[in-house]
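Below is one structure, written out as structure tokens, with a few remarks after it.
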Amino acid sequence: MKQIGIFLLAVVCISLCAQAQAPTEQQRLQRYAADLQGNPSDNALRAKIITLAQEMKPAPPIPEAAREHYVMATTFVGSAKDATGYERAIGEFKAALLAAPWWAEAYKNLAIVQKTAVRYDDAIANLQLYLLSQPVDARDAQDEIYKLKALKQAAKDDQIAQAEREREEQQRAYEAAFAALLRQIEGSRYSAPSDADWGRQALLIRDGYLIRGITDGRGLGSRDPRSWRFEEHSDKNLPGNSVHQKITAYEVHNTSNCTILWDYMEYETFVISEDGSTITRRSRMRFTNGAEKERPDHRVLSGALTSLKCNATADNHTDS
């Protein structure tokens, strides 16, 4: 009997020691709240705090610092006239919920203000935290979450529709500007700098087409348009060059793709400046091994990055 009594006494002592070492609910709440200070956006931790507070009897009190922020928040809500006022209120509600992260009513009111501020995701998250407190108006709170989701979807749809309208307006403006440019440059002739190895290359804009050609060189560097003669390109040794290119954008690509030269193919693009004063010829080399690069500037024969300057309109010229 004596041995049984000693055994029971030891069990009781161990149990009492374990109870003494286990943290109380209040201590756990304080530890969670302290951890939240370092990461206020940790809603999973907030959920643990709210659940723990629901189990505590009596419920944990609301600190005076939290109540101060809460009263300031409700005051800002009452006087808010614009987004700045609501953001100020939101900041105070968050401060209150950092001091008392188990305060259900504060989560609810924060969600109401966030809805007004069109911050639907945040409002939904805070209502979900509010529901963890098992409020009497849980049905209304859950329905409010559904409403917020609908408002979020409607706002997203409106944003997409607005973006599409803006895109269409930009496209119409672009098309109008481009059409005006085509009218402006119709009949214009462009020639390369006279000091370039390919200086006889020239361009003519006619009926919305970019026409490649050459000059006889007489008018290069001259301001007298009557001394400048143009003829369409007819070099049979370069069959890859397309003479007529329809102008449908500021960049005109050679639709026949390329000129075949040795171990690479040369692709060219003509870029029309927005004011129509210059057309820049760019060319790229695509080698048989698949490599591709732009012609370097010093290869003037390619005309890479060299502007063809507009000399005059066709009114004073005669095509040969």
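Throughout, read-outs are computed from the coordinates displayed, never taken from laboratory work. Small disclaimer: the values here were computed from a predicted structure and weren't measured. Virtual Cβ from ideal backbone geometry, glycine too; neighbours counted across all protein chains shown.
So here's what we get for this one:
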| quantity | calculated |
| --- | --- |
| Charged-residue dipole, Cβ positions (Lys, Arg, Asp, Glu), segment 19-154 about Cα centre, Debye nearest 20 | 160 |
| Spacing of the two label points (7 Å from each Cα toward its C-beta) at Asp140 and Ala83, in nm | 3.0 |
| Net charge of Cβ neighbours under 12 Å - reference Val271; Lys, Arg +1; Asp, Glu -1 | -1 |
| Summed side-chain charge close to Ile62 - residues other than Ile62 whose Cβ falls under 12 Å, Lys, Arg +1, Asp, Glu -1 | -2 |
| Theoretical FRET efficiency, 1/(1+(r/R0)^6), r = Cβ-Cβ of Ile62 and Gln171, R0 56 Å, to 0.05 | 0.45 |
| Cross-link pairs beyond the 28 Å C-alpha cut-off, checked among Lys57/Lys152; Lys57/Lys115; Lys81/Lys108; Lys57/Lys147; Lys48/Lys147; Lys81/Lys156 | Lys57/Lys152; Lys57/Lys115; Lys57/Lys147 |
